[in-house]
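Heads up: the structure comes next, in structure tokens.
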Amino acid sequence: MSLAACGGSGETGDKARAEAGSGGKAERTEAKTVDPTRIPDVGDRLQKQIPAESRQVVAVYGEGKDDADATIVLYSKSGSHWKKTRAWQGHNGKKGWTTDHREGDKRSPVGVFTLTDAGGVLADPGAKLPYSQSASFQAPHYWAKSHWHDFDYVIAIDYNRVKGTSPIDPTRPEGQSKGGGIWLHMDHGSGTSACVSLSKSGMEYLLSTLDPAAHPVIVMGDKAELMA
């Protein structure tokens, strides 16, 4: 079965060559928290979209509009204050970010989205979110070998999908042209088709930590859009 995920079609051999020898940028300097009741470096527009009941936020700080490098930070809320829990280096869409995502544009959508469902090729590692294990998550083997384990673990980003279903459910409520299949998944060292990627250990941590009772969401975008 050919898996259509990460906002579009699979990667190709030249992608693997492009990532050869690539290295992660130096870790971002931690943002200074001016107001502990807010997610750092997120402006009013997106800050207001974080549900009041949310007590877990995955913030994805893209380096730039056309950049594929990102820093992923998990924040947890205690009382009215947000606290940084963990951070990882990772990637977003290979062409950067967009506020009007379209199928196959290779850009990750900017916004605030809920996180309700997970799954992957591998057995449930102890996820708190509903987890669907299936061989159907397996990346096609005509993709570069470096991508074969991308979907060993995934967390669906609720962009143009039906909540409460497996991440591989193909339903697109807003239509196919708006794309879909946008996930948090394991990193292969360079940009994705539209997903957000991080290390296997990072995915395992998120799966074991994100709790439906805490109403987790993801806030994602390039620096300028996040601050808008």
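Could you list, in sequence order, all residues of region 130-182 that are touching a residue at least 12 places away in the same chain (Cβ under 8 Å) and aliphatic (A, V, I, L, M)?
The answer is A135, A139, A144, V154, I155, A156, I157, I168, I182.
Go over the candidates S197, S208 one by one and state the one that is under 14 Å from I155 (Cα atoms), among the polar types (S, T, N, Q) and out of contact with any strand residue (DSSP E or B) (no Cβ under 8 Å at 6 or more places or on another chain).
S208
With the requirement that a residue be among the hydrophobic types (A, V, I, L, M, F, W, C) and touching a Pro at 6+ places or on another chain (Cβ under 6 Å), what does region 83-128 give you?
Across region 83-128, the qualifying residue is only L115.
Scan region 141-161 and give yes if some residue there is under 28 Å from A224 (Cα atoms), under 13 Å from the mean Cα position of the chain (by Cα) and among the basic types (K, R), otherwise no.
Among the residues of region 141-161, not one is under 28 Å from A224 (Cα atoms), under 13 Å from the mean Cα position of the chain (by Cα) and among the basic types (K, R), which makes the answer no.
Please state which of the following conditions A139 fails to meet, knowing it meets all the rest: (1) under 30 Å from K223 (Cα atoms); (2) hydrophobic (A, V, I, L, M, F, W, C); (3) in contact with an Asp or Glu (Cβ under 8 Å, 6 or more places away or on another chain).
Unmet condition: (1).
Here are the criteria: (1) over 17 Å from L226 (Cβ atoms); (2) part of a loop (DSSP other than H, G, I, E, B); (3) modelled with pLDDT under 95; (4) open to solvent by 70 Å² or more (accessible area, probe 1.4 Å). Tell me which single one E103 does not satisfy.
(3) is the only condition that E103 fails.
Starting from region 55-81, take each residue that is farther than 18 Å from I157 by Cα and touching a residue at least 60 places away in the same chain (Cβ under 8 Å) and list its partners that are among the aliphatic types (A, V, I, L, M) and surrounded by fewer than 17 Cβ atoms within 10 Å (Cβ to Cβ), counting only C-beta distances under 7 angstrom and pairs at least six apart or across chains.
If the second residue must be among the aliphatic types (A, V, I, L, M) and surrounded by fewer than 17 Cβ atoms within 10 Å (Cβ to Cβ), the pairs left are K65/A224.
The values are calculated or read from the model by the stated rules, or taken from the named source; none is laboratory data. Just so it is clear, the structure is predicted and the values come from calculations on it, not from any experiment. All Cβ positions, even for glycine, are placed from backbone atoms using ideal geometry, and neighbour counts span all protein chains on display. Ligands, DNA and RNA are stripped out before the accessible areas are found, and what is left, the full protein with its side chains, is counted by its heavy atoms. Shrake-Rupley method; radii C 1.70, N 1.55, O 1.52, S 1.80 Å.
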